[in-house]
Amino acid sequence: MTIDEKIFEAPEGEKLVDAKLTKARRRELEKFAADKLGVKFSHIETLDIALTHKSYANEFEPRIKYNERLEFLGDAVLGLATATYLFEHFTHLKEGELTKTRSGIVRQSTLTRVAKEIKLDNLLLLGPTEMESNRGRDSNLEDALEAVIGAIYLDQGWEAARDYVFRQFTPDFERVKVTGIPKDYKSKLQEIIQKNPPLKLSYKELNNSGPDHMKSFEAAALIDGKIYGRGTGHSKKAAEQEAARVALQKLGKLN
C-alpha cells in the first residue's frame, strides 16, 4: 500500500470511493493551484479531496472521499512549518515566547482570512444542509485550508508545503516582527473587567463537534451573563481566546 492509499484508506466501517472529476472541475482546480497556491499537483484529485466537505460526500452512495484526514495532516504540517520559520527568523525568542507566537499566527481568524483571500470558498464543496444553514462557515474554511496544506505535502512533499506556508503567511510573520508576541486576549479582557467592578466575566462552551483527533469547539465570552463574543477553535482554550478577542473588539479595547 502506498502512502497515498494509506492516507485515504477509509476509517473503519466506512466505504469511500474516488469522486469523478469533470473536465471543468479539473481545469478549475489546476488554475487555482497555479494562480493561488503556486503549486503544480501531480494528482489534482488530492486537491479535490481537500476541498470536499463531509456534508457533500454524504450526498453520494457509496460516500466519496472527503477532507477530514487531510485536515489532520495539514494541521501538523502547518504547525511544523510555522515553528520552523519562527525558529530560523526569531532567534531572540525563548521557547515559551515561540509557542505563544506560533499560536498567535496559526489561529482560526488568520486561517479564515487567508482562505478568503485566495477565494478558497469558491471551490469548497458543501452539502445542501451545510450551505443552507451556513453553520460553521469560518471553521469550514479553516479546516479546508489545513486540508489543502496537507494535500500539498502529500502530493509534493515537505519542502513544497513548507515553502507554501512561508509564502502565504509572510505578512503575518512580518506583522509579529513589528507588533511583538500576540497578546493573551483572555488576560487582557480579565484586566478590563477587574477594573470595572462589579462586572463579572465568564466563558461558556456552546458546542463541540468532530472526531476526537480533530475536535472543533465553540465558546462564548460573557460579561454579566451577556454574550460579548463568540469564537471557535480546535481546543476549548483556543475557542475562548477567540471569543475574548471578539469581546475586546466589541468593547473598543482591541489594539
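The values are calculated or read from the model by the stated rules, or taken from the named source; none is laboratory data. It should be emphasised that the depicted structure is a prediction, and the values quoted were computed from it without experimental measurement. Please note: Cβ atoms are built from the backbone with ideal geometry, for glycine as well, and neighbour counts cover all protein chains shown.
For this structure, a couple of remarks:
- When L141 is tested against (1) within 28 Å of V246 (Cα to Cα); (2) modelled with pLDDT of 95 or more; (3) out of contact with any Lys or Arg (no Cβ under 6 Å at 6 or more places or on another chain); (4) aliphatic (A, V, I, L, M), only condition (2) is not met.
- Neighbours by Cβ (under 8 Å, 6+ apart or cross-chain): first from region 17-31, without any contact (Cβ under 8 Å) to a residue 24 or more places away in the chain; second part of a helix (DSSP H, G or I) and not hydroxyl-bearing (S, T, Y): R25/D48; R26/I44; E30/I44
- Taken over region 21-38, the residue count meeting the criterion of being aliphatic (A, V, I, L, M) and farther than 14 Å from A147 by Cβ is 3.
- Test: residue in region 47-70 that is hydroxyl-bearing (S, T, Y), in the same structural domain as P171 (by TED's automatic domain parsing) and out of contact with any helix residue (DSSP H, G or I) (no Cβ under 8 Å at 6 or more places or on another chain): yes
- Residues being of a type in the set (V, I, T) and assigned to a loop (DSSP other than H, G, I, E, B) - total across region 38-60: 1
Listed here are the residues, each with its yes/no results for (1) outside the structural domain of I118 (by TED's automatic domain parsing); (2) under 21 Å from V114 (Cβ atoms).
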site	(1), (2)
V148	no, yes
I223	yes, no
K226	yes, no
T232	yes, yes
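- A residue that is modelled with pLDDT under 95, over 17 Å from E159 (Cα atoms) and surrounded by fewer than 19 Cβ atoms within 10 Å (Cβ to Cβ) occurs nowhere in region 35-47.
- Residue ID - nearest to I105 (Cα to Cα), chosen from residues in region 222-232 that are surrounded by 11 or more Cβ atoms within 10 Å (Cβ to Cβ) and out of contact with any Asp or Glu (no Cβ under 7 Å at 6 or more places or on another chain): G229
- When the residues of region 158-198 are filtered to those that are modelled with pLDDT of 90 or more and among the small types (G, A, S), the one that is surrounded by the most Cβ atoms within 10 Å (Cβ to Cβ) is A161.
- Where E159 falls short, out of the listed (1) without any contact (Cβ under 8 Å) to a residue 12 or more places away in the chain; (2) within 22 Å of the chain's Cα centre (by Cα); (3) not assigned by TED's automatic domain parsing to the domain that holds Q108: (3)
- Condition broken by A76, with the remaining ones in (1) within 17 Å of E142 (Cα to Cα); (2) at pLDDT 95 or above; (3) surrounded by 15 or more Cβ atoms within 10 Å (Cβ to Cβ) satisfied: (3)
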